[in-house]
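Notes to accompany the following structure.
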Amino acid sequence: MLIATPNLCLDRTQFVSQLVPGAVMRALSVEVTAGGKGVNIARVARAHQHPATLVGLVADRDRGRLLGLLHDEGAEVVDVAMPGDARMAMIMIEQPGGRTTVLNEPGSTLDAGAWDRYVEAVRKSLPGHRTLACSGSLPPGAPDAGYGQLVELAHEAGVLALVDTAPGPLRASLASEPDLVSPNLQEAEAAISGATGSVLADADEDVRERAIEAAVTLCRLGSRNAAVTAGAHGVALAEGSPARVRWFPSVQVDVVSAVGAGDSFLAGVILELERDAAAAPAHWGAAVLRGSATASASCEQLRAGGVAPERVEVLLTALRELADQQPETAGWMS
């Protein structure tokens, strides 16, 4: 798989006894890793011994540290230079309890020509790949429809293009007809409404119905298929336009950290799509089930994108059984 993840970052994970707004606190411990949604996808792929290549913009002043951390993990990276500092993601995890708060920086602004260099790097990397994952936010200075450009490049090369990004770039990508978009419910609703999505909080009311409506709307706006994830509730999958939609319930697990679960979901989807490179058309239902199993397995690990493949298989079996037991998941809903 090829992973376009232009807005790489450094994840600074701080463990605190309690997060108190307006107070001075001391961290219990701190871990710094390479970060970004695409990095998490690549971790899942490596855990499954599946080849994955990252294409990322790497800020000059943190180049050595960021590439060093990625190299230490065994990541394969095509790096495109840009000026400035690597963005930071501050992840605060309360212990005990595991409640997580995330603050994502925007990243340094691209210089003139940086995005064009990045697009060319993706274009040159596409041959030999079946899927392109467009993953993560876009850095300041990148065009809003940047992922739409990459989707079009992928389609010209006969490659499936999947998009998981912030609400603004997600909405802008839809006109290019990505093969799948996979936002969570809050991201999907922000993209549809035109909200900035600068603050995304969980909401538990009417989740199933809202996820179904959002998936159908994303297809109506241009995506060929849409999977809207709703955490522990499940996933709504809409295919085509007019869309046919199915609801896949989740299996319950003991959550250690949900950071990166959406990235693990997309990684699982791609792994299923690439199990048979000759398969056409793609079997999106099976892919969503594997994505859900992978996301659930990742929630049992502390590191974003960390999964145990054998655990994925156990959860996948449970999800298949759960889907078979629920009549509404076996048929299409209008």
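Where residues in segment 96-110 are touching a Leu at 6+ places or on another chain (Cβ under 8 Å) and assigned to a loop (DSSP other than H, G, I, E, B), which of them is surrounded by the fewest Cβ atoms within 10 Å (Cβ to Cβ)? Full working, then the answer.
First, pick out the residues of segment 96-110 that are touching a Leu at 6+ places or on another chain (Cβ under 8 Å): 99, 101, 110.
If we keep only those that are assigned to a loop (DSSP other than H, G, I, E, B) too, we end up with 99, 110.
Details: ARG99: 12, LEU110: 22.
Result: ARG99.
So which residues in segment 27-43 are in a helix (DSSP H, G or I) and either aliphatic (A, V, I, L, M) or more than 21 Å from CYS299 (Cβ to Cβ) (or both), if there are any at all?
Of everything in segment 27-43, those that are in a helix (DSSP H, G or I) and either aliphatic (A, V, I, L, M) or more than 21 Å from CYS299 (Cβ to Cβ) (or both) turn out to be VAL39, ILE41, ALA42.
In segment 15-26, which residues are part of a loop (DSSP other than H, G, I, E, B) and touching a residue at least 24 places away in the same chain (Cβ under 8 Å)? Can you show your working first?
Restricting attention to segment 15-26, the residues satisfying the condition of being part of a loop (DSSP other than H, G, I, E, B) are 17-26.
Correct list: SER17, GLN18, LEU19.
Give me the pairs, please: first residue somewhere in segment 223-251 and touching a residue at least 12 places away in the same chain (Cβ under 8 Å), second residue anywhere and assigned to a loop (DSSP other than H, G, I, E, B) and aliphatic (A, V, I, L, M), beta-carbon distance under 6 Å, and either six or more positions apart or on two chains.
These pairs meet every condition: SER250/ALA232.
Is it true that some residue in segment 127-134 is surrounded by 20 or more Cβ atoms within 10 Å (Cβ to Cβ), in contact (Cβ under 8 Å) with a residue 12 or more places away in the chain and over 21 Å from ALA45 (Cα atoms)?
no
Of all residues in segment 119-136, which are out of contact with any Gly (no Cβ under 8 Å at 6 or more places or on another chain) and of a type outside the set (A, V, I, L, M, F, W, C)?
GLU120, ARG123, LYS124, SER125, PRO127, GLY128, HIS129, ARG130, THR131
From (1) modelled with pLDDT under 95; (2) farther than 30 Å from ILE93 by Cβ; (3) in contact with a strand residue (DSSP E or B) (Cβ under 9 Å, 6 or more places away or on another chain), pick out the condition that doesn't hold for GLU213.
Here GLU213 clears every test but (1).
Do any strands (runs of 3 or more DSSP E) entirely within segment 45-95 hold 1 or more residues that are without any contact (Cβ under 8 Å) to a residue 40 or more places away in the chain, and if so, which?
Values: elements: 53-59, 76-82, 87-94.
Correct list: 76-82.
Of all residues in segment 288-311, which are more than 11 Å from SER264 (Cα to Cα), free of Cβ contacts under 8 Å to residues at least 60 places away in the same chain and in a helix (DSSP H, G or I)?
Within segment 288-311, LEU289, GLU310, ARG311 qualify.
The values are calculated or read from the model by the stated rules, or taken from the named source; none is laboratory data. Keep in mind it's a predicted model, so treat the numbers as computed, not measured. Glycine gets a Cβ as well: all are built from the backbone with ideal geometry, and neighbour counts include every protein chain shown.
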